[in-house]
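Written out below as structure tokens is the structure these notes cover.
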């Protein structure tokens, strides 16, 4: 399967140069929208196209904590469950 991400919009707003180190920070509200758009293609072993399409994931998320996290997984964890749902629905047998 080939996936081409065309747009990603993480939850919250970016505030530029707001940290003590002069870095940008992402500010989360209690509820935030995330968006992920991508194109996909599924090919067989000979390269023949079996399925293709576009998908836009838009999900309302709730902040689980007010703590600051620098864990890279924290940035994408809200996409995991909706992507699993899309995958099982799109490729159900």
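The values are calculated or read from the model by the stated rules, or taken from the named source; none is laboratory data. Because the structure is predicted, anything quoted here is derived from the model rather than measured. Here Cβ is always computed from backbone atoms with ideal geometry, including for glycine, and neighbour counts include all displayed protein chains.
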Can you run down the residue pairs with Cβ atoms below 7 Å, 6 or more apart or on separate chains, where the first is in segment 78-91 and within 15 Å of residue 1 (Cα to Cα) and the partner is outside any helix (DSSP H, G or I) and modelled with pLDDT of 90 or more?
86/55
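Condition first: on the phi > 0 side of the Ramachandran plot and at pLDDT 70 or above. Now tell me which residues in segment 21-50 satisfy that. Let's see the steps before the verdict.
Residues of segment 21-50 on the phi > 0 side of the Ramachandran plot: 22, 47.
Within segment 21-50, 47 is the sole residue that qualifies.
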Looking at (1) surrounded by fewer than 11 Cβ atoms within 10 Å (Cβ to Cβ); (2) touching a strand residue (DSSP E or B) at 6+ places or on another chain (Cβ under 7 Å); (3) at pLDDT below 85, can you tell me which one residue 18 breaks?
(1)
